[in-house]
1. Hey, what did chain A get for relative contact order, percent, Cα under 8 Å, at least 6 apart?
2. Report relative contact order for chain B in percent, whole number only (criteria: Cα-Cα under 8 Å, sequence separation at least 6).
3. Place +1 on the Cβ of every Lys and Arg and -1 on the Cβ of every Asp and Glu in chain A, take the dipole about the Cα centre, and give the residue among A:Phe284, A:Ala62, A:Leu38 whose Cα lies farthest towards its positive end.
4. With solvent modelled as a 1.4 Å probe, how much accessible area in total do chains B and A shield from it at their shared surface, in Å² to the nearest 100?
5. Please report Rg over Rh for segment B:1-140, where both radii come from the alpha carbon positions and Rh follows the Kirkwood definition.
6. Suppose we compare each residue of segment B:11-47 in its chain alone and in the full protein complex with a 1.4 Å probe; which ones drop by at least 10 Å² of accessible area?
7. Do you know the Lys pair count in chain B for C-alpha distances under 15 Å, with sequence separation 8 or more or different chains?
8. I'd like the orientation of helix A:70-87 relative to chain A: the angle between its Cα long axis and the longest Cα principal axis, in ° from 0 to 90, rounded to 10.
Amino acid sequence: MFATLSDRLTGILTKLRSKGRLTDADIDAAAREIRLALLEADVALPVVRVFINAVKERARGAEVSQALNPGQQVIKIVHEELIGILGGEARRLQFAKQPPTVIMLAGLQGSGKTTLAGKLGRWLREQGHQPLLVAADLQRPNAVNQLQVLGERANLEVYAPQPGNGVGDPVQVARDALDHARRQARDIVIVDTAGRLGVDAEMMAQAAAIRDATSPDETLFVIDAMVGQDAVTTAEAFRDGVGITGVVLAKLDGDARGGAALSVRHVTGQPILFASTGEKLDDFDVFHPDRLAGRILGM
Amino acid sequence: LSRDRLDEDAWEEVEETLLGADVGVAATTDLVARLRERTRVLGTRSADELRAMLSEELVAVLAPELDRTLAAHRVDGAPGVLLMVGVNGSGKTTTCGKVARVLVADGHSVVLGAADTFRAAAADQLATWAGRVGAEVVRGAEGADPASVAFDAVRRGAEAGVETVVIDTAGRLQNKVGLMDELGKVKRVIEKRTRVTETLLVIDATTGQNALTQAKVFTEAVDVTGVVLTKLDGSAKGGIVIGVQRQLGIPVKLVGLGEGPDDLAPFDPKQFVAALLGGAP
Ligand SMILES: Nc1nc2c(ncn2[C@@H]2O[C@H](COP(=O)(O)OP(=O)(O)OP(=O)(O)O)[C@@H](O)[C@H]2O)c(=O)[nH]1
Ligand SMILES: Nc1nc2c(ncn2[C@@H]2O[C@H](COP(=O)(O)OP(=O)(O)OP(=O)(O)O)[C@@H](O)[C@H]2O)c(=O)[nH]1
Ligand SMILES: [K+]
Ligand SMILES: [Mg+2]
Ligand SMILES: [Mg+2]
């Protein structure tokens, strides 16, 4: 269904075999193809626009005009720019000077937060930490049980003082979890929260209250890699409503191009820290910008 | 679309409205070409007229004449069987609960079959919904064969003489061949006993272009008869269903508008298009 960007650009730029400056018309034609490729990969329109301008700027420069194959050179620029955006300021998790480190998970309904809590907990324990999972989604039917099952599978303690399904105060649970963690000598607290929409002011306020009660060292925004143009609006809402310190891209084991990652990076300015790549607890990896850049371009 | 002359800016605005709603490049290009042709022939001058025409075209692509009722009722002395399928987290289990709610409210009896034996607490979640809406649930052990749980559910529904059996399945990404085969088996095993009257593909409205691939591959596996577009209560427009309808002819039948039992509505093409174009519904 999707032609790769290489195919497309080769089509219009192979004519320009010899060295020489690309004309503005050449660059515009290339820019149109790049735009289509990005849109088909679900990069959001406003982000596509900014990106294309940056690529055009570079395409007018010496590195292209002196290249043997200007088409390949343009692709290289696009690829590099993508990696730059996706990987800028790559960093590790921030840990608290005074344990416990608090990691709060937030995102839309069904994005992959609860599953990630289990994965992240397992991964951190393998690195010698003592994580505690906190069941602060008291809304979604059986979210508490789900986290308990995951905790059991990963052999992690789950703090779940409330049954959920509408019963209990998630802010209180999150607050109490910190005391519990100190008592149990847990050095990391991972707070699972209910899925919420950016447009739901009440639920966004609840997320902010959980944040205020726990002062997270990391607030990770978990987003489904299949998301389309709405990524910008949603990321803005979580950025402004909860404050995001990092991003996790979930369901990357699918065949979506994952252009939403570019949108989220652009909007939040925060790094993508992890990739969630399956339903099992070890389907989890640190994020690799180069892999996603290639994937967005269909390379 | 507020200008009163059809300059290139007006066209660009049309294009960006569509692309920004996840309608996709192919469908957008198609629609814009048709509109350009129509405005040329008709001599359309105002952006208002263009907007009205765009709305008409979009509604037309969604085939408003199609029958969007659910085949959920008893036929030939057997319960209607709904099979809920889709990628992970799209809203299948919730939709099973909501659909049961509508049927129960109409005085029908419903069995919910928990054929997601894989995800943590998936059967508990469906059981909670069953309790909420007054339906019976049939479930198997964690890790049990989903096809046999589905079979047990339709058998129970037939024995109890219920109106409808709704089968919830585990979320799966369409590029997982083994899981897609498993889903095909679930359907085949049910069909050893009775007909699946409706196979609903649940698509999250925030989904981008990947929904086209979802619709294609799920249809190949289990012959999808309708789409449920969930999470339309968020900021996403769900424009990808235009491509799904256009390429595969699968109509949207229901929309999900929240997490509560009553947050389900029939799909209304006109209302959907109005919301997509940013106007009042
Ligand atoms: N294939 C795949 N499935 C995933 C991944 N992460 C999560 N899932 C699945 O996606 C679905 C939703 O995951 P959850 O962890 O429940 O998502 P959530 O964000 O906690 O959902 P809510 O609490 O309802 O908002 C489940 O079926 C998970 O098994 C992933 O990386 N790949
Ligand atoms: N806002 C909103 N949330 C919804 C809607 N439908 C489902 N949800 C939420 O989305 C999340 C996932 O819903 P589920 O019904 O568990 O999705 P699923 O497809 O069964 O997920 P898996 O079985 O894990 O693949 C839950 O938090 C639901 O409450 C909807 O129409 N609007
Ligand atoms: K909407
Ligand atoms: Mg959850
Ligand atoms: Mg489910």
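The values are calculated or read from the model by the stated rules, or taken from the named source; none is laboratory data. For clarity, every value in this text was computed on a predicted model and none was experimentally measured. Every residue, glycine as well, gets a Cβ built from its backbone with ideal geometry; the counts of neighbours run over all protein chains shown. For accessibility, only protein heavy atoms count, side chains too; no ligands or nucleic acids. Shrake-Rupley method; radii C 1.70, N 1.55, O 1.52, S 1.80 Å.
1. Working: 584 pairs, mean separation 69.3, N = 299.
Computed value for chain A: 23 percent relative contact order.
2. Working: 543 pairs, mean separation 63.3, N = 281.
Relative contact order for chain B comes out at 23 percent.
3. A:Ala62
4. Values: alone 12510 and 13360 Å², together 22520 Å².
Result for this pair: about 3300 Å² buried.
5. Working: Rg = 22.7 Å, Rh = 18.9 Å.
On the Cα set of segment B:1-140, Rg over Rh gives 1.20.
6. SASA drop of 10 Å² or more in segment B:11-47: B:Glu15, B:Glu16, B:Leu19, B:Gly20, B:Asp22, B:Val25.
7. 9
8. Taking Cα atoms only, the helix is inclined about 20 degrees.
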